[in-house]
């Protein structure tokens with residue numbers, strides 16, 4: 001089971017601010033890195049799957065980068081909106097695609 | 001398209017009672033999972049099943065058993081419930097279609113809220 005660290009654990013930003021947070025994971029035996037968005041009282045939904053060092057993915061105002069050599073991924077949100085309020089989870093997979101372990105997540109609160 | 005369906009959604013148990021959480025997926029996925037979510041702990045993997053006929057322990061398997069009944073269904077059983085098992089339980093499924101394109105995206109059910117008193 002991988003040790004996954006996400007920081008910060010919680011974050012409050014004003015509407016319109018841009019923000020970013022970090023997922024750190026062991027760089028050895030890397031397979032894939034997933035980002036999920038988890039709104040309160042709902043189930044997590046996939047945002048991105050990243051597999052190659054240097055990958056950069058984008059969906060609207062949200063983007064993510066991946067560095068497999070040093071074992072980290074950044075998630076960026078440009079111009080945060082209240083609907084971006086959620087917990088953002090990262091999950092590296094390693095040693096076989098079934099072993100997906102989640103970090104605790106970064107809980108983002110966007111204040112109108 | 002139902003995706004991942006789990007039942008019951010809410011359950012209150014007395015300490016020592018047993019119960020089974022049911023899960024079914026209609027996406028023809030090979031892999032299925034059970035996670036629990038607790039405040040400050042994130043999602044922790046209880047058991048997973050890489051394919052029909054196989055099951056493996058995750059991070060927190062103690063107190064649970066699982067059955068991969070067929071490709072669609074993966075149940076989680078609490079034989080003798082304890083207050084420490086009060087949690088929200090998520091069933092999930094995934095499949096590896098193409099590592100470079102899709103990795104191993106996990107699709108979650110809506111969660112089952114279990115309280116053990």
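Checking residue A:61 against (1) more than 27 Å from residue B:89 (Cβ to Cβ); (2) in contact (Cβ under 8 Å) with a residue 60 or more places away in the chain, which test does it fail?
All conditions pass for residue A:61, except number (2).
So for the range B:80-94 (the condition being facing chain A (nearest Cβ under 8 Å), over 11 Å from the mean Cα position of the chain (by Cα) and in contact (Cβ under 8 Å) with a residue 60 or more places away in the chain), does at least one residue qualify?
Residues of the range B:80-94 facing chain A (nearest Cβ under 8 Å): B:90, B:94.
So of that shortlist, the ones also over 11 Å from the mean Cα position of the chain (by Cα) come out as B:94.
Applying the additional criterion that residues be in contact (Cβ under 8 Å) with a residue 60 or more places away in the chain yields B:94.
Checked the range B:80-94: at least one residue is facing chain A (nearest Cβ under 8 Å), over 11 Å from the mean Cα position of the chain (by Cα) and in contact (Cβ under 8 Å) with a residue 60 or more places away in the chain.
Is it the case that residue A:65 is more than 14 Å from chain B (Cβ to nearest Cβ) and touching a strand residue (DSSP E or B) at 6+ places or on another chain (Cβ under 9 Å)? So that I can check it myself, show each step before the final result.
Working: more than 14 Å from chain B (Cβ to nearest Cβ): yes; touching a strand residue (DSSP E or B) at 6+ places or on another chain (Cβ under 9 Å): yes.
For residue A:65, the condition - more than 14 Å from chain B (Cβ to nearest Cβ) and touching a strand residue (DSSP E or B) at 6+ places or on another chain (Cβ under 9 Å) - is met.
Only one residue in B:66, B:60 is within 11 Å of another protein chain (Cβ to nearest Cβ) and in contact with a strand residue (DSSP E or B) (Cβ under 7 Å, 6 or more places away or on another chain), so which one is that? Show your work before the answer.
Details: B:66 fails: within 11 Å of another protein chain (Cβ to nearest Cβ).
Residue meeting the stated conditions: B:60.
Please count how many residues of the range B:16-35 are in contact with a strand residue (DSSP E or B) (Cβ under 7 Å, 6 or more places away or on another chain), surrounded by 12 or more Cβ atoms within 10 Å (Cβ to Cβ) and more than 14 Å from chain A (Cβ to nearest Cβ). Steps first, answer last, please.
Initial filter on the range B:16-35 (in contact with a strand residue (DSSP E or B) (Cβ under 7 Å, 6 or more places away or on another chain)): B:18-25, B:27, B:29, B:31-35.
From what's left, surrounded by 12 or more Cβ atoms within 10 Å (Cβ to Cβ): B:19-25, B:27, B:29, B:31-35.
Narrowing further to those that are more than 14 Å from chain A (Cβ to nearest Cβ): B:19-22, B:24.
The number of residues fulfilling the criteria is 5.
Which of the residues spanning the range A:43-62 are within 13 Å of chain B (Cβ to nearest Cβ) and either over 12 Å from the mean Cα position of the chain (by Cα) or closer than 24 Å to residue A:13 by Cβ (or both)? Give the steps one after another, and end with the answer.
Step one: filter the range A:43-62 for residues within 13 Å of chain B (Cβ to nearest Cβ), giving A:43-53, A:55, A:57.
Listed by number, the residues that qualify are A:43, A:44, A:45, A:46, A:47, A:48, A:50, A:51, A:52, A:53, A:55, A:57.
Within the range A:29-42, is there a residue that is free of Cβ contacts under 8 Å to residues at least 24 places away in the same chain and either within 11 Å of chain B (Cβ to nearest Cβ) or in a strand (DSSP E or B) (or both)?
yes
Read-outs: derived from the displayed coordinates by stated rules, not from any lab. Please read all numbers here as calculations on a predicted model, not as lab measurements. Backbone-built Cβ (ideal geometry, glycine too); neighbour counts: all protein chains shown.
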